[in-house]
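A.B. asks: First the structure, which I've put down as structure tokens, then a few questions once you've had a look.
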């Protein structure tokens, strides 16, 4: 079967052959006068599969490298390699409007037959991961009731897929509502020497050590803000205000306010945030009694306009998968509200 390269399109003029190509994979767009118009990705894929010979308008053979040159090196790696991989997995792909690269139809489906299954976004390993861009793209796709699938192409041409979804977290832990406790600031942590049993046993704050309860900086500030804890400095016995604590905590922690906003939001939602240090993040979180179930989430707070490299996303998701937890990015808005974005590796 032969197609003719005309600028950036490939035309199959023989109507019967064109119908065969279209009906066995929904390649191209049927022409009103008969025949089929393929884009460069479709033409290259069929050429590589030995299903199509491509010539120029003079009948001379067009080589694979000629098509790749027209696609451009950047688009070849970012878009064509995921296109080819998804086609080989049995999916039908059609170009999508910005910012997505492709609409992906389910196996056995196709245009005018079934709704699309995914909207596919494609990136190269060296591209920048922009949390605001990802959330905006997700919201757009979600409004269309589609799933956002991201294809990440590494420098060796391998494709890894991720599904992004927002999540509304909800836990079952009630707020501490007993008498105000007294604590001592020791370093940047807090010690409570008495009457802390309910706080520890029912509300799961801190850790117990030699008949004292030790609180983290996030736990301390939250309990002070909710009027559940009175803090004094351990040496001077000077009472410390909320602003005093913030000043102490922010001195050596540039991201403290962002992290604290996430901690506070998790507690308000009834979850139990604990350190996520062993997983490489500030927090892990439980939705219920941690003595009865493992932490479900590993959470990375992000400041506004956060950007990074995609390898950091890949590393975080792989760690979460290895310990059977969900990896969440927690993006803090100017208002202090938090959006949670769940990321998981997907095998389409």
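A.B. asks: Determine if the stretch 269-283 includes at least one residue that is exposed (fewer than 15 other Cβ atoms within 10 Å of the Cβ), in the same structural domain as residue 203 (by TED's automatic domain parsing), on the phi < 0 side of the Ramachandran plot and touching a helix residue (DSSP H, G or I) at 6+ places or on another chain (Cβ under 6 Å). If you could, list the steps in order and put the result at the bottom.
C.D. replies: Our first condition is that a residue be exposed (fewer than 15 other Cβ atoms within 10 Å of the Cβ); within the stretch 269-283, this holds for 275, 277-278, 280.
Still in the running and in the same structural domain as residue 203 (by TED's automatic domain parsing): 275, 277-278, 280.
Then drop every residue that is not on the phi < 0 side of the Ramachandran plot, which leaves 275, 277-278.
Filter once more, keeping what is touching a helix residue (DSSP H, G or I) at 6+ places or on another chain (Cβ under 6 Å): none.
No, the stretch 269-283 contains no residue that is exposed (fewer than 15 other Cβ atoms within 10 Å of the Cβ), in the same structural domain as residue 203 (by TED's automatic domain parsing), on the phi < 0 side of the Ramachandran plot and touching a helix residue (DSSP H, G or I) at 6+ places or on another chain (Cβ under 6 Å).
A.B. asks: Residue under question is residue 215, and the condition is that it be surrounded by 18 or more Cβ atoms within 10 Å (Cβ to Cβ), modelled with pLDDT of 95 or more and closer than 15 Å to residue 186 by Cα; does it hold?
C.D. replies: Values: surrounded by 18 or more Cβ atoms within 10 Å (Cβ to Cβ): yes; modelled with pLDDT of 95 or more: yes; closer than 15 Å to residue 186 by Cα: yes.
It is true that residue 215 is surrounded by 18 or more Cβ atoms within 10 Å (Cβ to Cβ), modelled with pLDDT of 95 or more and closer than 15 Å to residue 186 by Cα.
A.B. asks: Hey, among 34, 110, 90, which residue is out of contact with any strand residue (DSSP E or B) (no Cβ under 9 Å at 6 or more places or on another chain), in the same structural domain as residue 156 (by TED's automatic domain parsing) and either on the phi > 0 side of the Ramachandran plot or modelled with pLDDT under 95 (or both)?
C.D. replies: Working: 34 fails: in the same structural domain as residue 156 (by TED's automatic domain parsing); 110 fails: out of contact with any strand residue (DSSP E or B) (no Cβ under 9 Å at 6 or more places or on another chain).
So the residue among 34, 110, 90 that is out of contact with any strand residue (DSSP E or B) (no Cβ under 9 Å at 6 or more places or on another chain), in the same structural domain as residue 156 (by TED's automatic domain parsing) and either on the phi > 0 side of the Ramachandran plot or modelled with pLDDT under 95 (or both) is 90.
A.B. asks: Which condition from (1) in contact with a strand residue (DSSP E or B) (Cβ under 7 Å, 6 or more places away or on another chain); (2) surrounded by fewer than 16 Cβ atoms within 10 Å (Cβ to Cβ) is the one that residue 210 breaks?
C.D. replies: (1)
A.B. asks: All but one of (1) closer than 16 Å to residue 290 by Cα; (2) modelled with pLDDT of 95 or more hold for residue 175; state the number of the condition that does not hold.
C.D. replies: Every condition holds for residue 175 apart from (2).
A.B. asks: Quick one: how many residues across the stretch 84-94 are buried (at least 23 other Cβ atoms within 10 Å of the Cβ) and within 14 Å of residue 47 (Cα to Cα)?
C.D. replies: So the count comes out to 0.
A.B. asks: Can I ask one more? So, residue 238, is that one surrounded by 12 or more Cβ atoms within 10 Å (Cβ to Cβ) and over 30 Å from residue 314 (Cβ atoms) or not?
C.D. replies: Numbers: surrounded by 12 or more Cβ atoms within 10 Å (Cβ to Cβ): no; over 30 Å from residue 314 (Cβ atoms): yes.
Taking the combined requirement at face value, the residue does not satisfy it.
A.B. asks: Okay, next question. Out of 36, 40, I need the residue that is in contact (Cβ under 8 Å) with a residue 24 or more places away in the chain and farther than 14 Å from residue 93 by Cβ. Which one?
C.D. replies: When all the criteria are applied, what remains is 36.
A.B. asks: Within the stretch 145-176, work out how many residues are in contact with a helix residue (DSSP H, G or I) (Cβ under 9 Å, 6 or more places away or on another chain) and free of Cβ contacts under 8 Å to residues at least 12 places away in the same chain.
C.D. replies: 1
A.B. asks: Return the total of residues in the stretch 96-124 being in contact with a helix residue (DSSP H, G or I) (Cβ under 8 Å, 6 or more places away or on another chain) and surrounded by fewer than 17 Cβ atoms within 10 Å (Cβ to Cβ). If you could, list the steps in order and put the result at the bottom.
C.D. replies: To start, the set of residues in the stretch 96-124 that are in contact with a helix residue (DSSP H, G or I) (Cβ under 8 Å, 6 or more places away or on another chain) comprises 99-102, 104, 119-124.
From what is left, the residues that are surrounded by fewer than 17 Cβ atoms within 10 Å (Cβ to Cβ) are 99, 124.
So the count comes out to 2.
A.B. asks: Quick check: anything in the stretch 188-205 modelled with pLDDT under 95, out of contact with any strand residue (DSSP E or B) (no Cβ under 7 Å at 6 or more places or on another chain) and on the phi > 0 side of the Ramachandran plot?
C.D. replies: Checked against the condition, which is being modelled with pLDDT under 95, out of contact with any strand residue (DSSP E or B) (no Cβ under 7 Å at 6 or more places or on another chain) and on the phi > 0 side of the Ramachandran plot, the stretch 188-205 yields no hits at all.
A.B. asks: Name the residues in the stretch 307-332 that are touching a helix residue (DSSP H, G or I) at 6+ places or on another chain (Cβ under 9 Å), surrounded by fewer than 18 Cβ atoms within 10 Å (Cβ to Cβ) and not in a helix (DSSP H, G or I), would you?
C.D. replies: 307, 308, 323
The values are calculated or read from the model by the stated rules, or taken from the named source; none is laboratory data. Since the model is a prediction, treat every value here as computed from it, not as a measurement. Every residue, glycine among them, receives a Cβ derived from its backbone with ideal geometry; neighbour counts consider all protein chains shown.
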